[in-house]
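Below you'll find the structure, written out as structure tokens, and then a few comments.
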Amino acid sequence: MKDYVQATLLSLIYLSLAAVTVSCVDSSQSPPQVICGTRVNPDITRRLTVPGSGYREFDRVDRSAAISAPCTLMSGNHPVLRLHFWWADGPANLRYMAEETGSVSHVTSARKVNASYEVLVGTDGAVAAAQCKSRKGDHFALTLQLPQVKPGDNSHRKDIETFIRAYFPATVKTLGCA
């Protein structure tokens, strides 16, 4: 009986320590409401990111000058969302962007999605484009890459589609070409 009581007490102590450890993790840390200049629901972003020690951006996008550039959302020291803003004269070839341009816009297993703009969604990112008059041309494209998702992992495709369906039109609206 004494051994049983000691084992039970030890189990309770271990469970208590585990609960304290879990409660010390900041689970309230939410992704930002504005990512790379575009407002987006953090619940949509949360499905694509991994919890970390705080979110921050590295943003080189200049919307007013319409200069193509990247913007990366970091969680701790790890990139979790890589966005690349593209302005061009003429429509973008999304299939080429998704499959042939290397690390800047590559999206694995990209499939066309029915939307009011051109969009391809893959297992680790998406590419979308729309007409948009700017100083640099008449079209805008956006690539999304999720570096933490393995290319063959299909479990995020629906969340990627949900994100790009919310983020891309909101971004186009901020550019004044909606």
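Brief remarks follow.
- Distance between modelled label sites at THR162 and ILE67, nm, 7 Å Cα→Cβ extension: 3.6 nm
- Listed residue pairs exceeding 20 Å between alpha carbons, taken from LYS133/LYS173; LYS136/LYS173; LYS150/LYS173: LYS150/LYS173
- Cα centroid separation, the range 68-133 to the range 145-173 (Å): 9 Å
- Rg/Rh for the range 28-174, where both radii come from Cα atoms and Rh is the Kirkwood radius: 0.93
- Gain in span if fully extended, CYS177 to GLN131, counting 0.36 nm per residue against the direct Cα distance: 15.8 nm
- Computed label-point distance, nm, for sites SER109 and ALA170 using a 7 Å Cα→Cβ extension: 2.7 nm
- By average C-beta atoms within 10 angstrom, highest first, the peptides 39-46, 123-130: 123-130, 39-46
- When you count the other C-beta atoms within 10 angstrom of each residue and take the mean per peptide, 163-170, 68-75 line up highest first as 163-170, 68-75.
- Extension gain (nm, one decimal) between ASP138 and ASN77, 0.36 nm per residue minus Cα-Cα: 18.4 nm
We did not get these values from a lab; they are worked out from the coordinates using the rules stated. Note that this is a predicted model, so its numbers are computed, not measured. So basically every Cβ, Gly included, is an ideal-geometry build from the backbone, and we count neighbours across all protein chains shown.
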